[in-house]
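Notes follow once the structure below has been shown.
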Amino acid sequence: MGLSKTIWTNPTEFLRAQGPETPVLFFAPTALQAAARRFIDGFPGMVTYAVKSNPIEPVVENLAAAGVRGYDCASSYEIDLIRRLAPDAAIHYNNPVRARSEIAHAVERGVKSWSVDSKSELAKLIELVPAEGCEISVRFKLPVAGAAYNFGAKFGATAELAVELLRVVADAGFIPSLTFHPGTQCTDPAAWDAYIRTAAEIAADAGVTIARLNVGGGFPSHRLEGLAPELEAIFDLIGRVTGEAFGDSRPLLVCEPGRALCGDAFTLAAQVKAVRDGGHIFLNDGVYGAMAELPLIGVIDRIEVLTPGGLRRRGAPEPRIVFGPTCDSVDRLPGEVELASDIAEGDYVVIHGMGAYSTVTNTRFNGFGDLRLETVLSQKL
């Protein structure tokens, strides 16, 4: 799944010239760098990239070129990737459960920032990580609201446990910090409000002045045609509420966006394999491929249909059941997808905003999944 060195004007130019019969992800470096600058200029603190959302090398290289200096890693592989591509960057190892071998590997690679949400995992870090100059952020959780799905189902201490853990972190000589994740695709700024105020209460109850507050990821990408994310409103709220909640003890802020940085940098084109009896649509990509996340948080409706010659289909939108190419009945997009009524076999269904959790979740189930990557100057068709 290597990235082509040829740079196309836009996806239409490539589809018209090449007529690909495998799914294609179109990468626009300019869109990625613009998203990075939006965060760097607007967020009132340090911007780190959640590598898991799209770990391909051109993404990391372009984010580094745009000025991103921190990376949230969840594995030894991701740590090594960042050390190779951005050797001077800060690495935050914020997967709060790790094997001892993984902790040792990270220490060898110079990782200085860790997260934790349990007594047993904190004991591992105290045993294996040198305290001097190293930060441990206690991750806590609240009941989720305004997010597509709940990260607290797997990670995060209760507020009461977080108080206890934070005291232990400080007493062990580590730099004490707090972190949370409001939930993926979080469109409600109020979620950050509640978390930040709770963080201030945890720090006060623990009697610890925290160095940094990591407000997590969760920043939304542009998925719905008529609803562009208002990131600046979220940035402003985070800055304001942090000052109100912490006062003179205000910590430095960190964020770790994934989809909000890489989402709009990629557009997916999947070819129509069949229109079964004029009804169901079968594509050459689906939920075992680059569309793996769509059943989890909903279909992106920023969709256009092109003919093999690159012309837009103009038929009135019509709800269709859409299947992927595998023999598994689970390989179906959720609900019904609005597609041009004159869609035909051989057409391309082009979905914008597909940069997050697409390259990294693509499988080869049933022998499908041969995903091409092409570079474009613009995503506009």
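The values are calculated or read from the model by the stated rules, or taken from the named source; none is laboratory data. Remember, predicted model here, so these are calculated numbers, not experimental data. Every residue, glycine as well, gets a Cβ built from its backbone with ideal geometry; the counts of neighbours run over all protein chains shown.
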Quick check: anything in region 203-218 in a helix (DSSP H, G or I) and crowded, with 17+ Cβ neighbours inside 10 Å?
yes
Which of the residues that make up region 69-95 are in contact (Cβ under 8 Å) with a residue 60 or more places away in the chain and either closer than 23 Å to F27 by Cα or in contact with a helix residue (DSSP H, G or I) (Cβ under 6 Å, 6 or more places away or on another chain) (or both)?
G70, D72
Take the conditions farther than 14 Å from L268 by Cβ, of a type outside the set (D, E), under 22 Å from the mean Cα position of the chain (by Cα) and in a loop (DSSP other than H, G, I, E, B) and apply them to P334. Does it pass?
yes
Looking at region 252-266 only, could you name the residues that are surrounded by 21 or more Cβ atoms within 10 Å (Cβ to Cβ) and either within 20 Å of A204 (Cα to Cα) or in contact with a strand residue (DSSP E or B) (Cβ under 7 Å, 6 or more places away or on another chain) (or both)?
V254, C255, E256, P257, G258, L261, A265, F266
Across region 27-81, what is the total count of residues that are more than 15 Å from the chain's Cα centre (by Cα) and hydroxyl-bearing (S, T, Y)?
4
Is there a residue being modelled with pLDDT of 95 or more, out of contact with any Leu (no Cβ under 8 Å at 6 or more places or on another chain) and over 16 Å from P44 (Cβ atoms) anywhere in region 207-217?
yes
Among helices (runs of 4 or more DSSP H) completely within region 1-79, the ones holding 2 or more residues that are of a type outside the set (A, V, I, L, M, F, W, C), surrounded by fewer than 16 Cβ atoms within 10 Å (Cβ to Cβ) and touching a Pro at 6+ places or on another chain (Cβ under 8 Å) are none
Any residue that is of a type in the set (F, W, Y), buried (at least 16 other Cβ atoms within 10 Å of the Cβ) and assigned to a strand (DSSP E or B) - is there at least one of those in region 286-307?
no
